[in-house]
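Let me begin by presenting the structure, written as C-alpha cells, before commenting on it.
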Amino acid sequence: MSGNSAFDAIVWDMDGLIFDTERLSFLAWQAGAKSIGATIDLELFQSLIGMNARAIQAKLLQDLGEGIDVNALTKAAGASYEQLIADGPPLKPGAKECLETIARSPIPQALATSSSFRYASKKLEHHDLLKCFDATVTGDQVSNGKPHPEPYLLAAEKLGLSPARCIAFEDSVNGIQSAKSAGMYTVLIPDMCPHDAASRSRVDREFSSLVEALPFLCQQFAIAQG
C-alpha cells in the first residue's frame, strides 16, 4: 500500500488538531459552569481534553463534587459550544491540505475522535472533509474513551491494519497515551494541553503545526505535495 514505507495508514484526532476548537470549548465549559454557580479553571479543562462525554462527566463529578449538577453543566456547556461553532469550526493551519493530499493518494486515513458522531460529522462536512476518511471512530462508538487504547485499536481494525502500521496524529495527553498504548507511531502537534515528561516519552515525532508535518507525511508515503 505504501511501498517501502514503515507505515500503511494515518489516524487523526480532530479537535485541537484538525479544528482550532479547544479555546472555544474552554469558553463553553466556563460559561456552562458559571450558569450553575460552578467554576472550571484552565487546569481542569486541560485534563478533560481528549476524553469522550462519559469520561468527562466522571472527571467533573470527581473534581467538582456531588453537589454540582454535572448533567446541567454539560447541557449548558453544549449549548454554548453550539453557538460558538454555529458558523463552522475554524480549521488549524495545514489541516485541510494534509487531509486532502492524503485523500488523493492510495493511503487510507481514519478518524479517532472523542467527539460524538453528530458533532464530528457536522464539523467535517462543513469543510467538506468527511469524505477524506476511510473509517471513523467517535466517542459514542467506544466503551472506553481516550486515554484507553480502544479508539485507536478500533480505527486500525476498521482499516484492516495492524496498529503498528499506523501513524497517529494527536494534540492531547489523553490522545497520545491512547495511540501509543494501541501500538501506533505517535506524532504530536501541541495545542492547549501541556505535556509533561511522561507524556513526551510516548511521542515519536513532534511538529509545531500540520503545515510543518505535511512534508514528513509526503516523504513517509512517497507522495507528491500539492
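The rows are residues; the columns are (1) of a type in the set (D, E, K, R); (2) under 11 Å from the mean Cα position of the chain (by Cα); (3) farther than 21 Å from ALA95 by Cα.
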site	(1), (2), (3)
LEU130	no, no, no
THR136	no, no, no
GLN141	no, no, yes
HIS148	no, no, yes
LEU153	no, no, yes
LYS158	yes, no, yes
ALA164	no, no, yes
ILE167	no, no, no
VAL173	no, yes, no
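Considering (1) open to solvent by 60 Å² or more (accessible area, probe 1.4 Å); (2) of a type in the set (D, E, K, R); (3) under 30 Å from ASP128 (Cβ atoms), the lone condition that GLU22 does not fulfil carries the number (1). Within segment 168-225, the set of residues being within 18 Å of TYR152 (Cβ to Cβ), among the hydroxyl-bearing types (Ser, Thr, Tyr) and open to solvent by 20 Å² or more (accessible area, probe 1.4 Å) comprises SER181, TYR185, SER201. For beta carbons closer than 8 Å, sequence separation of 6+ or different chains, a first residue in segment 82-102 that is farther than 17 Å from LYS122 by Cα and a second that is open to solvent by less than 10 Å² (accessible area, probe 1.4 Å) and in a loop (DSSP other than H, G, I, E, B), the qualifying pairs are GLU100/LEU129. Just one of (1) without any contact (Cβ under 8 Å) to a residue 12 or more places away in the chain; (2) not in a helix (DSSP H, G or I) fails for SER5. It is (1).
If the condition is being assigned to a helix (DSSP H, G or I) and either polar (S, T, N, Q) or touching a strand residue (DSSP E or B) at 6+ places or on another chain (Cβ under 9 Å) (or both), then segment 31-75 contributes SER35, GLN46, SER47, GLN57, GLN62, ASN71, THR74. In summary, ALA103 fulfils each of the numbered conditions (1) over 18 Å from the mean Cα position of the chain (by Cα); (2) closer than 28 Å to SER181 by Cβ; (3) modelled with pLDDT under 95 with the single exception of condition (3). Being closer than 28 Å to ILE167 by Cβ and not small (Gly, Ala, Ser) is the filter; apply it to segment 27-49 and report the residue that is most open to solvent (accessible area, probe 1.4 Å). Residue satisfying both the conditions and the ranking: GLN46. The set of residues in segment 181-220 being of a type in the set (Gly, Ala, Ser) and more than 17 Å from ALA95 (Cβ to Cβ) consists of SER181, ALA182, GLY183, ALA197, ALA198, SER199, SER201.
The values are calculated or read from the model by the stated rules, or taken from the named source; none is laboratory data. As the structure is a computational prediction, the values presented were derived from the model and not from experiment. Counting neighbours? That spans all protein chains shown, and the Cβs are built from the backbone with ideal geometry, glycine included. In case anyone asks, the SASA skips ligands and DNA or RNA and just uses the protein heavy atoms, side chains included. Shrake-Rupley method; radii C 1.70, N 1.55, O 1.52, S 1.80 Å.
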